[in-house]
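Before any comments, here is the structure.
The values are calculated or read from the model by the stated rules, or taken from the named source; none is laboratory data. Just so you know, these numbers come straight off a predicted model, no measurement behind them. Every residue, glycine among them, receives a Cβ derived from its backbone with ideal geometry; neighbour counts consider all protein chains shown. Protein only, heavy atoms only, side chains kept; ligands, DNA and RNA dropped before computing areas. Shrake-Rupley method; radii C 1.70, N 1.55, O 1.52, S 1.80 Å.
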Amino acid sequence: MKHTTIDEGGDGDEHAVQLNLNLQEDDLCCCEYINKNGYTSHLLAICCDCDILDDSFESDRLRIPWYKGARKINLLGVAPFLLLPILGYLSTFGPFSTAISFLVIPIILRLLCKYLGNARTKFYYSFTLASLFYNFLVVYTASNTWSLYISNIGLFISILIGISIIKWKCRKDVSLVVDNLPFYYYCRKCRFHVIGRDHHCNWLDCCIGLRNRRYFIFTIILTISWLLVIIYYYYGIFYGVSAIPVYTDFFSGISFVTTIYGSVAVVCLFPILIHQLNMTWKGMSYLDWKFKKTLE
């Protein structure tokens, strides 16, 4: 296994780490990576050393093969994609299991909010993506009309594009002069100033400010529209002329749970949309308005 060491007194390790971290990505194959000690390592190394095998689930070693070097697996990012299908499956057994599953979600989110600190936003963002993906998957497999099929795919892709633009617009501006900016424009989670900062959205893991606010509002409208389409479709299935009973099989159970989940999301998103439209009409961010109120 190739590595580089430099012996310059007590600073040798630091120089070795820095030198190896500056290696070009082209030097790494899909299963290699630069570990936290600055050495080039390989994923298969866990099969050769018992100590490495014992430590294989450390955050630095938990990786998957990828182009130009193995990538870390963010456990907080993966967890929602495992948690939601498990809770979704358990909720299909009956009303009681559905109620328990819906109660577990806010408890988990509350515990993470308490113990993870700023790192919880990574989990919340992954939770958002997992929710969108599994809602899309349920409707995609159940689509029996072209209108539902096209609207489901179109709105889902549009929402993902909107989220990507929101996050892309929220990036550090190195040319920004921060001396005269209000103190509340600085975000401790993003660790840079955001012009016209309204709030830090944990569910998207980025700040909402002047540059991405209109895209944030538009994405909320798209999401609400998509969820209303899903709710309307399943309402017709369960309460229409040819209504089917709930919880008779996995499909009816997961479809009914998806309808409830979408309804809860709409109830949560609608006040946020009204608030953002109100602040936009006033021509200021929420933090600007709040600070102005404190001075009155």
> Would a scan of the range 214-235 turn up a residue that is surrounded by fewer than 20 Cβ atoms within 10 Å (Cβ to Cβ), of a type in the set (G, A, S) and closer than 20 Å to K290 by Cβ?
Replying inline: no
> Does L273 qualify as being under 26 Å from the mean Cα position of the chain (by Cα), aliphatic (A, V, I, L, M) and part of a helix (DSSP H, G or I)?
Replying inline: yes
> Does the range 277-293 contain at least one residue that is surrounded by 14 or more Cβ atoms within 10 Å (Cβ to Cβ), in contact with a strand residue (DSSP E or B) (Cβ under 9 Å, 6 or more places away or on another chain), of a type outside the set (F, W, Y) and assigned to a helix (DSSP H, G or I)?
Replying inline: yes
> Filter the range 196-213 for residues that are open to solvent by less than 20 Å² (accessible area, probe 1.4 Å) and assigned to a strand (DSSP E or B); which is farthest from N180 (Cα to Cα)?
Replying inline: C201
>> Checking the condition closer than 18 Å to S255 by Cβ, within 17 Å of the chain's Cα centre (by Cα), at pLDDT 85 or above and not in a loop (DSSP other than H, G, I, E, B), which residue from L90, L84, L129 passes?
In response: L84
